[in-house]
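The values are calculated or read from the model by the stated rules, or taken from the named source; none is laboratory data. The structure displayed is predicted, hence computed values, not measured ones. With ideal geometry, Cβ positions are generated from the backbone for all residues, glycine too; neighbour counts draw on all protein chains shown.
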Amino acid sequence: MKIKLPENIAAVESYKPGKSVNNVFEGLNLKRTAILSSNENNFGPSPKALEAMTEAMGKVNLYPEPSSVSLRIKLAKRLNTQPENLIIGNGSDGILSTIFKAFFSSGDELISSKGSFVAVNVMTKLNNIPYIQTEMRDGYKFDLDAIAEKINPKTKAIYLCNPNNPTGTIISQNALDNFVKKVPDHILIIVDEAYSEFANSLTDNFPDSTQYNLPNLITLRTFSKAYGLAGVRLGYGIAHEEIVATLLKVKLTFDPSIVAQAAGIGALDDDEFLQKTIANNLNGMRFYKEKFAAMGLKFTPSFGNFVMVDFGTEAAAGQVFEQLLQRGVFVRPLKFFQLPHCLRISIGTPEECELLVEKLEEVMVLINL
Ligand SMILES: Cc1ncc(COP(=O)(O)O)c(C=O)c1O
C-alpha cells in the first residue's frame, strides 16, 4: 500500500486471522470441550435479554435512540443515580475508546500498572498516548503509591482495573479511598469494574467507585460478563454529568444498536439469570481454589470470573496451554498482558470446570511440573 500511515498506527501489529475460537478444536475428535479463554458467561445470554432482542430484531429498519435514553432511565433507577450520569456504549471498551477521543490531546499521558487489561495498552498505542506503567506489587496487585508518584503535569488520566484482568486481584476499599484523595481533580480517574458483580459476591471489601461522586472519576461496567451479552457489545459508564455530556458529544451517534439497547433493558429485569451466574461463579471459584491448591499450583486469589495460574516460565505456561488445547480445554495465554509465565482460566459451567480440572491434573503429571 502506498498510502503513508501515521507512525503509531504502522507500529501496531496487524491482526492475523488464525483459528477462530469457534474451531480451535478442529480435527481433534474430542467429545467434551470447554472454552475458558475470554471470561464470558458460558450459561449463554440472559433469557430475558434474548426475548427483548428477538422483539427488537423486528425494528432494525429504524435507527436506535441516539443516547440510549430508555436504557439510561432504567439503569439510573437500578443504580440510584440520574440518567445524566450515565453513558451507554458499544461495550465498556467502546466507552474507553470514546474517552481517548474526548479527553486526550497530543502530549497527554496515561498512567496505570503493568499486568493489566491489554485493550488499554492497544488503545494508548493507537492514540499515540505515552503509557506510563508501574510494576505490580504484593502478589500481582496495583501499586497505588507508585502510580501516585508518577503523576506529573502531562498526566491526563489514570486507569485502574478493579478487579484486575488478568490477575483477579482487587484494590480494597481503604486503598481506593486513600488513593482518590491524592489525585488532583484535573486528572481523570478511570475505574474499570467489568467484573464488579462477581467481586461483590466474593468479598465485602470491594469498593463501589461510583460512591465517591467525584467530578473527575468515571466507573466503567459491562453487560458482557454477568449478563452474558459479550457478543452484542453493551457497556456503561457512570460519571459526573459534565463528563457524560462530553462523551455524548464525541461518541458515534447511533451506538449501541437497537438490538443491544433492548438487550440491556431485558437483562436488567433478569435477576434470576444474574443470581444463577453469581452462584455458579462462587461455586466454580471454590472448586478451582480447592483443586488448584491440591495440585500444588501457584495461583492468585481472584475476585472475578477467572483465576490466574503462575507456571513459573513462559515455556511451562506454553506447554500447559498446548496440552490443555489438545485435550479440549482452551484457556488464555498472557504474553500480551506482560505475564507470559501465567495462564488465565475462566470459570465456566460446572461441567466445564470439572473438565478443566481433570485435564489440568493429567497435564501436570505429563509434563512433570
Ligand atoms: C477489565 C475489562 N474491561 C473491559 C472489558 C471489555 O468489556 P466489554 O465487553 O464491555 O467491552 C473486559 C473484557 O474482557 C475486561 O476484562
All conditions in (1) buried (at least 18 other Cβ atoms within 10 Å of the Cβ); (2) closer than 23 Å to F273 by Cβ are true of D208 except (1)
Result of the Cβ filter at 8 Å on the range 230-243, keeping first residues that are of a type in the set (F, W, Y) and partners that are part of a strand (DSSP E or B) and near the ligand (Cβ under 9 Å from one of its atoms), at least 6 apart or interchain, is Y236/G89; Y236/L220; Y236/R221; Y236/T222
Please work out which residue is surrounded by the fewest Cβ atoms within 10 Å (Cβ to Cβ), limiting yourself to the range 89-141 and to residues that are among the aromatic types (F, W, Y) and within 23 Å of K335 (Cβ to Cβ).
Y131
For a quick check of your reading: which strands (runs of 3 or more DSSP E) sit entirely within the range 27-141 and have at least 3 residues that are among the small types (G, A, S) and modelled with pLDDT of 95 or more?
none
Exactly one of E241, E272 is closer than 21 Å to I87 by Cβ and surrounded by fewer than 20 Cβ atoms within 10 Å (Cβ to Cβ), and that one is E241
Pairs, please: C-beta under 6 Å, at least 6 apart or cross-chain, first residue under 20 Å from G94 (Cβ atoms) and in the range 104-120, second aliphatic (A, V, I, L, M)?
F104/I129; L110/I129; L110/A157
Long-range neighbours under 8 Å by Cβ, at least six apart or interchain, first residue farther than 16 Å from R221 by Cα within the range 180-192, second basic (K, R) and surrounded by fewer than 20 Cβ atoms within 10 Å (Cβ to Cβ)
I187/K156; L188/K156
Test: T167 is in contact with a strand residue (DSSP E or B) (Cβ under 6 Å, 6 or more places away or on another chain) and away from the ligand (no atom under 16 Å from the Cβ):
no
Among helices (runs of 4 or more DSSP H) lying entirely in the range 258-369, which contain 3 or more residues that are touching a strand residue (DSSP E or B) at 6+ places or on another chain (Cβ under 8 Å)?
271-294, 314-326, 350-367
Taking the condition in contact (Cβ under 8 Å) with a residue 12 or more places away in the chain and closer than 16 Å to L220 by Cβ, does A52 pass?
no
